[in-house]
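Written out below as structure tokens is the structure these notes cover.
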Amino acid sequence: MSGNTYYIAATELYNKKRVVNITAIGGAVTFPFKIRPQTGVIEPSFSLSGVAGLHFSLDKDTVKSLSILIGVGPSSIILNNRNSTDTGSSTRAAATFSITLLGQWDNIQLAFSIGWDNNLDNGEDKWKYQSKPWLSLGVGFNIFSNKSN
């Protein structure tokens with residue numbers, strides 16, 4: 001059996017229309033609501049997280065991109081008799097940790113986040129969502145832009 005050898009020019013392997021460019025990205029993200037999958041509760045929330053991660057441009061014009069972001073920041077949680085030992089209703093400070101997948105097409109961005117809240121005073125409150133995951137969805141318009149105006 002004789003073997004044939006084929007050569008492909010390096011320029012044919014590099015398609016300039018399909019270049020994936022990876023860059024570092026950072027910024028801030030807010031979570032206006034959190035879905036608690038343990039109970040199906042949707043809670044209004046204040047969370048502002050600093051985020052950093054990797055940004056993958058899926059074409060040479062950065063029209064389509066995907067980002068993976070890891071975040072940490074302060075948040076507030078609402079305690080009541082359904083989710084803690086608090087007999088009334090009160091708000092506590094918490095630390096929020098999150099992972100966000102952010103997709104962009106032109107100027108529209110869609111985000112899916114998963115995160116964990118940690119009540120800073122949970123010893124007394126016995127908050128039932130302590131370190132349990134929450135989900136959040138977001139829609140943005142040109143929040144993290146790599147385009148110069």
Could you give me the residue pairs with C-beta distances under 8 Å whose first residue belongs to the range 92-108 and is within 19 Å of Lys126 (Cα to Cα), whose second residue is among the acidic types (Asp, Glu) and in a strand (DSSP E or B) wherever it lies, and which are 6+ apart or on separate chains? Ala94/Asp117; Ala95/Asp117; Thr96/Asp117
When you go through Thr23, Thr30 one by one, which is the residue that is under 12 Å from the mean Cα position of the chain (by Cα), of a type in the set (S, T, N, Q) and open to solvent by 40 Å² or more (accessible area, probe 1.4 Å)? Thr30
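Yes/no matrix, rows are residues, columns are (1) at pLDDT 85 or above; (2) closer than 13 Å to Gly115 by Cα; (3) charged (D, E, K, R); (4) part of a loop (DSSP other than H, G, I, E, B):
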| position | (1), (2), (3), (4) |
| --- | --- |
| Asn4 | no, no, no, yes |
| Tyr7 | no, no, no, yes |
| Glu12 | no, no, yes, no |
| Arg18 | no, no, yes, yes |
| Ala24 | yes, no, no, no |
| Val29 | yes, yes, no, no |
| Ile42 | yes, no, no, no |
| Leu48 | yes, yes, no, no |
| Val51 | yes, yes, no, no |
Residues of the range 72-113 being crowded, with 19+ Cβ neighbours inside 10 Å, among the aliphatic types (A, V, I, L, M) and touching a Lys or Arg at 6+ places or on another chain (Cβ under 9 Å), which ones? Ile77, Leu79
Given the structure, is Gly53 within 20 Å of Val20 (Cβ to Cβ) and not charged (D, E, K, R)? yes
Does the range 29-43 contain at least one residue that is aliphatic (A, V, I, L, M), closer than 19 Å to Asn107 by Cβ and touching a residue at least 40 places away in the same chain (Cβ under 8 Å)? yes
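The values are calculated or read from the model by the stated rules, or taken from the named source; none is laboratory data. Model, not experiment: these values are computed from the prediction. Glycine gets a Cβ as well: all are built from the backbone with ideal geometry, and neighbour counts include every protein chain shown. For the accessible areas, the whole protein counts, side chains as well, though only heavy atoms, and no ligand, DNA or RNA atoms are used. Shrake-Rupley method; radii C 1.70, N 1.55, O 1.52, S 1.80 Å.
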